[in-house]
1. Failed condition for Tyr69, given (1) surrounded by fewer than 13 Cβ atoms within 10 Å (Cβ to Cβ); (2) at pLDDT 95 or above, with all others met?
2. Can you tell me which residue in the stretch 20-34 is farthest from the ligand (Cβ to nearest atom), limited to those that are part of a strand (DSSP E or B) and surrounded by 19 or more Cβ atoms within 10 Å (Cβ to Cβ)?
3. With the requirement that a residue be assigned to a loop (DSSP other than H, G, I, E, B) and surrounded by 15 or more Cβ atoms within 10 Å (Cβ to Cβ), what does the stretch 54-63 give you?
4. For residues in the stretch 35-53 being near the ligand (Cβ under 9 Å from one of its atoms) and part of a loop (DSSP other than H, G, I, E, B), which is surrounded by the most Cβ atoms within 10 Å (Cβ to Cβ)?
5. Restricting the search to the stretch 19-55, which residues are over 14 Å from Asp67 (Cβ atoms), in contact (Cβ under 8 Å) with a residue 12 or more places away in the chain and not charged (D, E, K, R)?
Amino acid sequence: MGKRRAKRKAPTRTKVVLDREFNCPFCNHEKSIDIKLDRPNKVATLTCRTCGVGWQTKITSLDENTDVYHKWIDSIEEINRDVAPEGVAGGAGRYAPARNARAVADDGRSDEEADD
Ligand SMILES: [Zn+2]
């Protein structure tokens, strides 16, 4: 009997999973984006099940859910650029529209702060 072959460490294969669900950049909810590809009409509809944001785009026969999602993200970034040109300093690469964050601004200043 020949010597045993060194057992090859099986590389942990990442299973190819078709992305069907994506994170919503508006409400930051994970996997809440629902994408429907209407192939016959070449239209894709994208909806967030959490915040209800919706978007529609034309697709080609080659487009997959991922493509639709990325197109959406692109369009969001474009909108953001239009709306808030001063906000894009540095290009942090974040998809989330920062505009939603302003609700967090702390407007309830406590008196204690003023005291020294
Ligand atoms: Zn959402």
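1. (1)
2. Phe22
3. Within the stretch 54-63, the first condition is being assigned to a loop (DSSP other than H, G, I, E, B), and the residues that meet it are 59-63.
Across the stretch 54-63, the qualifying residues are Ile59, Asp63.
4. Val53
5. Those that are over 14 Å from Asp67 (Cβ atoms), in contact (Cβ under 8 Å) with a residue 12 or more places away in the chain and not charged (D, E, K, R): Cys24, Pro25, Phe26, Cys27, Asn28, His29, Ser32, Thr47, Cys48, Thr50, Cys51, Val53.
The values are calculated or read from the model by the stated rules, or taken from the named source; none is laboratory data. This one's a predicted model, so the numbers in the text were calculated from it and none came from an experiment. Glycine also receives a Cβ, built like all others from the backbone with ideal geometry; neighbour counts cover every protein chain displayed.
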